[in-house]
Amino acid sequence: MPTVGSVEKRIFKVEGVRAKFMQNGKNVRSDKEIPTQYGIKRMLKNSASVSDLIRIRLKPQFPGFDFVVIKNDGHQASGQTKLYTVRDTYLEN
């Protein structure tokens, strides 16, 4: 079974953003095992928002978890932020 850390790396590889697994308002340990790997193969459109990514892709595949998307500076991206804006933060440095 994959770990949360390996799934987070896979999400970054596919989607180009860092998504963190959350439960009860706390970050889930990266060594926790979960039943499935991230199964999506193509990134969501740049015009989609952070909340779209969470609602359409992450929550259906990983029920019971909440998610936050982190920009390169370590701050959380708000739900209405477009994915291209978050992705661009990783390119700036």
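Here, each number is a calculation from the coordinates, and none is a lab measurement. Keep in mind it's a predicted model, so treat the numbers as computed, not measured. Glycine gets a Cβ as well: all are built from the backbone with ideal geometry, and neighbour counts include every protein chain shown.
Restricting the range 60-79 to residues that are outside any loop (DSSP other than H, G, I, E, B) and of a type in the set (S, T, N, Q) leaves a set whose member that is nearest to K20 (Cα to Cα) is Q76. A single member of R87, R29, R42, R57 is charged (D, E, K, R), surrounded by fewer than 17 Cβ atoms within 10 Å (Cβ to Cβ) and outside any loop (DSSP other than H, G, I, E, B), and it is R87. For the residues E15, E8, the requirement of being free of Cβ contacts under 8 Å to residues at least 24 places away in the same chain and acidic (D, E) singles out E8. Checked against (1) surrounded by 11 or more Cβ atoms within 10 Å (Cβ to Cβ); (2) among the hydrophobic types (A, V, I, L, M, F, W, C); (3) not in a helix (DSSP H, G or I), I11 meets all criteria but (3).
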